[in-house]
Structures are given as C-alpha cells and as structure tokens.
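The values are calculated or read from the model by the stated rules, or taken from the named source; none is laboratory data. Every value quoted in this text rests on a predicted model; they were computed, and no experiment measured them. Note that we place each Cβ from the backbone using ideal geometry, even for glycine, and neighbour counts take in every protein chain shown. We work out accessible area using only protein heavy atoms, side chains counted, and drop any ligands, DNA or RNA first. Shrake-Rupley method; radii C 1.70, N 1.55, O 1.52, S 1.80 Å.
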Amino acid sequence: MGTNNFDTIVKRSLDIREKYHQLEIKSNGKEWSLEEDALAYLTDAGLVGRNVMSHQKTWLKKDSAEELEHKLAENIWWLIVLADRTGININEAVDKFLTKTENIL
C-alpha cells in the first residue's frame, strides 16, 4: 500500500462502513446501532488476543498469523468507525494521546 496519509485511511474506512450499512439495511432492515458496532469491535479485539496467543504458541489455531494481521487492521478500522459515530476526530485524538504520552515519558 505504500506510505499512507491517515486522512486517506480514515476516509476509506468510513466509505467501507457506509457500504456495510447498506448491506445491513438490505438484510436486517436497518443499520447496526452504535452499540452493535462496539460489540463487533470487542469481538474482534478478543480474536486479536486469541491469535496473539497462537503466535506465542499458547493457543493452537490454524492460519492464525494471517488472521492476526487481518484482525489487527480490522480493529483499527473499527476504532475509526467508532470515533466517527461518537463525534470524535480520530486524527486529533491520536495526536493528543501521543503528545500527552510523550510528555509524560
């Protein structure tokens, strides 16, 4: 993918989420709620944990390296979506967090 501008990643993420909303409307008659998005994120976060355990050879799972890569990226995607749905500018939030943490350390 090369070097990416975080703004481009955010835009692509939100475009994909909108396409999923359209699929949800087709299959369920409505978009997922914010709470449903948060639960989906938490499910994927748990799967990151299992795949890390597999990476460390404490949980045996086939194809975990590929899934770990996918789930790590998907978790970032979910965080972008959740930030957007709660009115948080993820770019500003990450910058604020990094600056605060750098200053503490």
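In table form, for the structure just shown:
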{"item": "Single condition Val52 does not satisfy, out of (1) touching a residue at least 12 places away in the same chain (Cβ under 8 Å); (2) among the β-branched types (Val, Ile, Thr); (3) not in a helix (DSSP H, G or I)", "result": "(3)"}
{"item": "Residue check for Ile88: assigned to a loop (DSSP other than H, G, I, E, B), at negative phi and under 18 Å from the mean Cα position of the chain (by Cα)", "result": "yes"}
{"item": "Unique residue being part of a helix (DSSP H, G or I) and either small (Gly, Ala, Ser) or in contact with a Phe, Trp or Tyr (Cβ under 8 Å, 6 or more places away or on another chain) (or both) when the list is Leu47, Leu72, Leu82, Leu68", "result": "Leu82"}
{"item": "Unmet requirement for Thr58, which otherwise passes all of (1) over 21 Å from Val10 (Cα atoms); (2) open to solvent by less than 60 Å² (accessible area, probe 1.4 Å)", "result": "(2)"}
{"item": "Residue that is modelled with the lowest pLDDT [pool: residues in the stretch 61-78 that are of a type in the set (Asp, Glu) and over 8 Å from Asn51 (Cα atoms)]", "result": "Asp63"}
